[in-house]
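Encoded as structure tokens, the structure appears first; notes follow it.
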Amino acid sequence: MSIDHPSFGKLDDSRIIIFDTTLRDGEQSPGFSMNMQEKLRMALALTELGVDVLEAGFPIASQGDFDSVKLIAETVRGPVITGLARTGRADILRAAEAVAPAERKRIHVFLSTSPLHMKYKLRMEPEAVLQLTIDSVTLARHHTDDVEWSAEDGSRTDPDFLCRCVEAAIRAGATTINIPDTVGYALPEDMFRIFAMVRERVPGADKIVLSTHNHNDLGLAVANTLAAIRAGARQVECTINGIGERAGNAALEEIVMAIRTRPDAVACKPTIVTENIIKTSKLLSTITGFDVQPNKAIVGRNAFAHESGIHQDGVLKNAATYEIMTPESVGLLKSSLVMGKHSGRAAFRDKLRTLGYGELGDNQLNDAFRRFKDLADRKKIVYDEDISALVDDEVLRDHDRIRFVSLDVRSGSKAPPRADLELEIDGVVRGAHETGDGPVDATFNAIRACFAHDATLSLFSVGAVTEGTDAQARVTVRLMEAGKMVDGQGADTDTIVASARAYVHALNKLLVKRARTEPAALSA
Ligand code: KIV
Ligand code: ZN
């Protein structure tokens, strides 16, 4: 039976809405925070991927969150743009204001309904929770026709009370009802039962979209999502690479490819451009500095690699022997050779467009082009990944207060390592010469000498952007200060320079974060 939806019009039974929450639930998790430009870039990539709903953030959480949601609402065309809100008036008005510029907008209101959450987190009686559900959805409906209501900790909620809340939210005007497995506790059969029960018992449930949102604490998020779809859920909430609170959320790429690979078991059609999956996954890794594990389904480095002789032999004879989907279907192509050192600015600009950077300003283009030429002098082959890494380093950082200028390091077995460093801080160049327990330590000491701060280093990791001994190193540096954590990334063919860039990036993020206020209770 079809549903008339305010944002999507007639939705027939086979339609499944992909609701991406990489920029909200994903971004909320430790180490995955993004700045406004990074969020916009990710939002544009998600749009190209074809997501139906883009949860751009939690506008009340901070000025930065509000600004990012608003910028995405102003700029991104295609998906419905949504902002999260608790049930308070201030939350809902802030979300309404942030999504107002969007072509199609949604307010997503959530409230806990489980006995545990009501008693200890909300300190509210069930009847008050019911009333707050009605009031908050009613208020949100004054600002948009497309309102989603979520029963936080829904999978651990008393079934009768869950049905009463869902019914009340529908009567108040919610057009999507989401029943999350907030703590990743449910098994697939629980999710199937909950969705089947709501469809059967709640009047009006056939007129709205039921949505599923699963966390991965027991590694069951995708299985639970598929079970909910089979029981009638028409919207799935998910994130790229499965990032999210604690063990993460259900991974978009896994859900979509499971549906595509097993139409016999899951009868619905997502409108995702699957060929963009790898590209989007890599973009997220580049922005956050965290690669997925090699054996990660769909997007891991080994997901399509066949190591054993028997498997290789089978695949050569017929790929279907060991491949249930083709690498091309998720956009896994061989690294493409881009350009050499003789390539011109026009070709470079064109390449940046195809890599999803849109139109860069003249200064940004000049900076990026200069670094590309420099890289092409040092590195035999320049791949797309190299270009992305250097542009992310240079172009997305033009609001940074501290900028890397130069580094000269002496190290080896004869004398203590020494770093001569120059940084530009608020437009003024400062230099320092320091020694240390190794070249990286000397470099970080020099950074501390140029810009005094109390943050401590809690993670230092080095990876390679591509293969080969001349590959660029991609370094991630994590700093902690007064309970605040930030990750910075840097790339360069010189690992020590990449480390300095990563440290400086982290410092810049810390400066932005110092100005941010965190919301009282973001438990979702
Ligand atoms: O996990 C959760 O319950 C959430 C809600 C806000 C949807 O993220
Ligand atoms: Zn969640």
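The values are calculated or read from the model by the stated rules, or taken from the named source; none is laboratory data. Note that the structure is predicted; figures quoted are calculated from it, not measured. Counting neighbours? That spans all protein chains shown, and the Cβs are built from the backbone with ideal geometry, glycine included. For accessibility, only protein heavy atoms count, side chains too; no ligands or nucleic acids. Shrake-Rupley method; radii C 1.70, N 1.55, O 1.52, S 1.80 Å.
Values as computed for the structure displayed
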read-out	value
Accessible area, probe 1.4 Å, largest first, for residues TYR503, TYR185, TYR383, TYR357	TYR185, TYR383, TYR357, TYR503
Simple Cβ-charge dipole of the stretch 14-288, Lys/Arg +1 and Asp/Glu -1, about Cα centre, in debye nearest 20	280 debye
Average Cα contact separation per residue, the stretch 14-288, under 8 Å, 6 or more apart, as relative contact order %	20 percent
Of all accessible heavy-atom area on the stretch 200-257, the percent that carbon and sulfur account for (1.4 Å)	49 percent
Rounded to 10°, Cα long-axis angle of helix 345-354 versus longest principal axis of the chain	30 degrees
Accessible-area order (highest first, 1.4 angstrom probe) of the listed residues LYS484, LYS509, LYS207	LYS207, LYS484, LYS509
Antiparallel content of DSSP bridges confined to the stretch 14-288, in %, to 5	5 percent
HN-Hα J in Hz across the stretch 108-124 - Karplus 6.51, -1.76, 1.60, θ = phi - 60°, x for Gly and Pro	10, 9, 10, 8, 6, 10, 7, x, 4, 5, 5, 6, 9, 8, 7, 6, 10
Centre separation in Å (Cα based) which lies between the stretch 181-258 and the stretch 84-117	20 Å
The chain - charge dipole about Cα centre, Lys and Arg +1 at Cβ, Asp and Glu -1, debye rounded to 20	340 debye
Accessible surface ranking that places the most exposed of ASP65, ASP217 first, with a 1.4 angstrom probe	ASP217, ASP65
On Cα atoms only, tilt of 384-394 relative to the major axis of the chain in degrees	80 degrees
Sequence-separation-based contact order of the chain, relative, with Cα cut under 8 Å and 6+ spacing, percent	11 percent
Distance histogram for the stretch 402-514 (every C-alpha pair counted, 5 angstrom bins, percent rounded to whole numbers)	2, 13, 22, 24, 21, 12, 4, 1, 0
Spatially proximal lysines relative to LYS39 (Cα-Cα < 26 Å; intrachain offsets below 8 disregarded)	LYS70, LYS105, LYS279, LYS282, LYS296, LYS351, LYS484, LYS509, LYS513
With 20 Å bins from 0: P(r) over the chain, alpha-carbon pairs, percent	21, 51, 25, 2
Dipole of the chain [Lys/Arg +1, Asp/Glu -1 at C-beta], most positive-end residue of ILE17, ALA250, CYS268	ILE17
Size of electric dipole in the stretch 345-395: Cβ of Lys, Arg +1 and of Asp, Glu -1, about Cα centre, debye, nearest 20	280 debye
Amide proton proximity set for GLY490, modelled H, under 5 Å, gap of 5+	VAL475, ALA502
Heavy atoms of LYS279 accessible to a 1.4 Å probe, total area in Å² rounded to 10	100 Å²
Whole-number percent relative contact order across the stretch 1-61, with pairs defined as alpha carbons under 8 Å at least 6 apart	38 percent
The stretch 14-288: radius of gyration and largest Cα-Cα distance (Dmax), Å	17.0, 49
Per-residue SASA entry for LYS105, accessible area with 1.4 Å probe, Å² rounded to 10	60 Å²
Under-5 Å amide H pairs with SER150, H placed in peptide plane, nonlocal only	VAL109, PHE110, LEU111, ASN178
Dipole of the chain, positive end: most advanced residue of GLY57, ILE107, LEU390 [Cβ charges, Cα centre]	LEU390
Percent of alpha-carbon pairs separated by more than 27 Å within the stretch 175-303	19 percent
Under-5 Å amide H pairs with HIS5, H placed in peptide plane, nonlocal only	LYS10, LEU11
Where the stretch 148-276 is the region considered: accessible area per residue in Å², 1.4 Å probe	34 Å²
HN-Hα J in Hz across the stretch 53-70 - Karplus 6.51, -1.76, 1.60, θ = phi - 60°, x for Gly and Pro	10, 10, 7, 8, x, 10, x, 6, 4, 6, 4, x, 5, 4, 4, 5, 4, 5
Accessible area (Å², 1.4 Å probe, nearest 10) - PHE110	10 Å²
Per residue solvent-accessible surface (Å²) - the stretch 457-497, probe of 1.4 Å	41 Å²
Note, ³J(HN,Hα) from phi for the stretch 136-142, Karplus 6.51, -1.76, 1.60, rounded to Hz, x at Gly and Pro	6, 5, 4, 5, 4, 5, 5
Relative intensity, log₁₀ I(q)/I(0), of the stretch 345-395 from a Debye sum that treats every alpha carbon as a point, q = 0.17, 0.21, 0.24 Å⁻¹	-0.43, -0.66, -0.88
Cα-only radius of gyration and Dmax that characterise the stretch 1-139, units Å	15.9, 44
In degrees, nearest ten, helix 89-99 long axis to first principal axis of the chain (Cα)	60 degrees
